[in-house]
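Here's the structure, in structure tokens; my notes come after.
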Amino acid sequence: MSIYSRITGTGSYLPPRRVTNDELAAEMATRGLETSDEWIVERTGIKARHFAAPDVVASDLALEASKNALQAANIQASDIDLIIVATSTPDMVFPSTAAILQNKLGIANGCPVFDMQAVCSGFVYALTVADSMIKSGSAKRVLVVGAEVFSRILDFNDRTTCVLFGDGAGAVVLEASDKPGILATELHADGSHVDILCVPGNVSGGQVIGSPLLRMDGQAVFKLAVGVLDKAARAALEKAKMQEADIDWLIPHQANLRIMMSTARKLKLAPEKVVVTVDQHGNTSAASIPLALDHAVRSGQVKPGQNVMLEGVGGGFTWGAVLLTM
Ligand code: UT7
């Protein structure tokens with residue numbers, strides 16, 4: 001049994017089609033919807049997002065991100081003994097996107113796989129489960145992926161939501177280690193807020209019952225998010241017997257720059273300590289944290305030995321934090 005689990009490689013992938021706010025606003029105007037680069041930047045910090053081609057599914061994005069993470073960890077796909085994919089936009093109702101990814105990686109040889117459904121908190125939930133399975137001795141090398149094609153569930157006639165989201169994937173290899181890696185985890189949910197962020201549809205008898213498109217009460221989500229994120233981070237710090245000042249980097253779920261900076265302020269962290277990719281990626285739900293982590297690692301922001309606080313928040317209502325040393 002290992003004492004620690006540690007991230008040994010990160011990877012990410014964005015579909016090539018990049019859509020700026022101006023391009024999106026021009027396209028929406030053809031359908032009589034008014035928005036602007038100015039409004040989107042001021043309210044969210046988003047300047048652009050990526051959209052997948054119509055024939056591309058979540059497992060395709062997951063596959064590219066996974067290959068990059070495996071290469072960074074210097075291991076083969078066949079070395080992986082568990083795959084967890086966090087997604088709310090799976091390829092199929094079933095089987096899991098993780099099963100499809102396992103097959104695409106060419107390792108359909110028996111390692112367990114499953115999806116994690118915690119919407120935008122999905123990656124911190126998945127990382128927490130992977131950490132527990134390593135610490136219990138059930139796994140040694142876990143591929144943890146966040147992959148989303150949120151463009152498929154957006155209502156492009158609803159200007160309050162369609163400007164916010166994008167597609168992408170991020171992945172990490174989490175390995176059993178004698179060196180400290182994941183230091184503390186903290187997960188929460190409050191199911192009384194199901195209705196404020198949901199895709200209410202379902203499939204029955206070959207028909208979609210209800211809407212298959214995303215609905216959000218933005219202000220309600222905003223209020224809940226700013227109320228819980230710093231508390232989750234502090235709880236993780238307390239478990240690890242660490243202080244706010246010990247955090248080298250905050251990598252929050254990339255939904256809204258105002259929420260991210262509000263959390264940083266509450267944790268007394270300088271804005272320079274916050275990894276920001278929401279400007280270029282929009283909100284990629286479960287993919288946003290591993291995407292931001294990979295960008296920060298590859299750009300040289302996050303260095304080995306530094307302490308990183310990951311924070312997720314989203315539909316459910318779900319939230320959580322993972323404190324780790326890179
Ligand atoms: O990933 C899960 C987590 N999700 C989130 O964290 C999202 C949290 N919520 C938010 O980020 C913000 O609430 C939004 C960005 C969604 C909205 O920002 P807001 O400051 O709460 O704006 P608002 O909803 O109060 O709307 C202000 C105005 C309204 O017009 P009136 O009523 O003041 O005339 C909206 O109709 O902005 C209008 N509006 C827009 N205008 C131009 C809403 N969407 C748009 C738009 N372009 N796209």
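The values are calculated or read from the model by the stated rules, or taken from the named source; none is laboratory data. Quick caveat: nothing in here was measured; it's all calculated off a predicted structure. Neighbour counts are summed over all protein chains in view; Cβ atoms, including those assigned to glycine, are modelled from backbone coordinates with ideal geometry.
With the structure loaded, tell me whether LEU291 is over 19 Å from LEU224 (Cβ atoms) and either of a type in the set (Ser, Thr, Tyr) or in contact with a helix residue (DSSP H, G or I) (Cβ under 8 Å, 6 or more places away or on another chain) (or both) or whether it fails that test. Full working, then the answer.
Working: over 19 Å from LEU224 (Cβ atoms): yes; either of a type in the set (Ser, Thr, Tyr) or in contact with a helix residue (DSSP H, G or I) (Cβ under 8 Å, 6 or more places away or on another chain) (or both): yes.
Yes; evaluated as a whole, the condition is true for this residue.
Filter region 104-146 down to residues that are in a loop (DSSP other than H, G, I, E, B) and touching a strand residue (DSSP E or B) at 6+ places or on another chain (Cβ under 7 Å), then give me how many there are.
Keep residues of region 104-146 that are in a loop (DSSP other than H, G, I, E, B), which gives 105-112, 117-118, 136-140.
Pick out the ones that are also touching a strand residue (DSSP E or B) at 6+ places or on another chain (Cβ under 7 Å) and you get 111-112, 118, 139-140.
Number of matching residues: 5.
Only one of LEU229, LEU224 is out of contact with any Asp or Glu (no Cβ under 7 Å at 6 or more places or on another chain), under 26 Å from THR87 (Cβ atoms), of a type in the set (A, V, I, L, M) and not assigned by TED's automatic domain parsing to the domain that holds GLY168; which? Even if it seems obvious, please write down each step before you answer.
Numbers: LEU229 fails: out of contact with any Asp or Glu (no Cβ under 7 Å at 6 or more places or on another chain).
Result: LEU224 is the single residue among LEU229, LEU224 that is out of contact with any Asp or Glu (no Cβ under 7 Å at 6 or more places or on another chain), under 26 Å from THR87 (Cβ atoms), of a type in the set (A, V, I, L, M) and not assigned by TED's automatic domain parsing to the domain that holds GLY168.
If you check GLY146, GLY110, GLY122, which single one turns out to be at pLDDT below 95 and farther than 18 Å from ASN21 by Cβ? Before the answer, list the steps.
On the way: GLY146 fails: at pLDDT below 95; GLY122 fails: at pLDDT below 95.
Of the residues listed, the single one that is at pLDDT below 95 and farther than 18 Å from ASN21 by Cβ is GLY110.
I need the helices (runs of 4 or more DSSP H) fully contained in region 1-98, keeping only those with at least 2 residues that are crowded, with 23+ Cβ neighbours inside 10 Å.
By residue number, 58-73.
Just name the residue that is surrounded by the fewest Cβ atoms within 10 Å (Cβ to Cβ) out of those in region 158-189 that are among the charged types (D, E, K, R) and within 15 Å of the ligand (Cβ to nearest atom). Even if it seems obvious, please write down each step before you answer.
Of region 158-189, the ones among the charged types (D, E, K, R) are 158-159, 167, 175, 178-179, 186.
Then keep just the ones that are within 15 Å of the ligand (Cβ to nearest atom); that gives 158-159, 167.
Working: ASP158: 14, ARG159: 18, ASP167: 28.
Of everything passing the filter in region 158-189, ASP158 is surrounded by the fewest Cβ atoms within 10 Å (Cβ to Cβ).
Which residues, taken from region 196-222, are within 14 Å of the ligand (Cβ to nearest atom) and loosely packed, with under 13 Cβ neighbours inside 10 Å?
Taking region 196-222 first, the residues within 14 Å of the ligand (Cβ to nearest atom) are 196-199, 214-222.
GLN219, the sole residue that qualifies.
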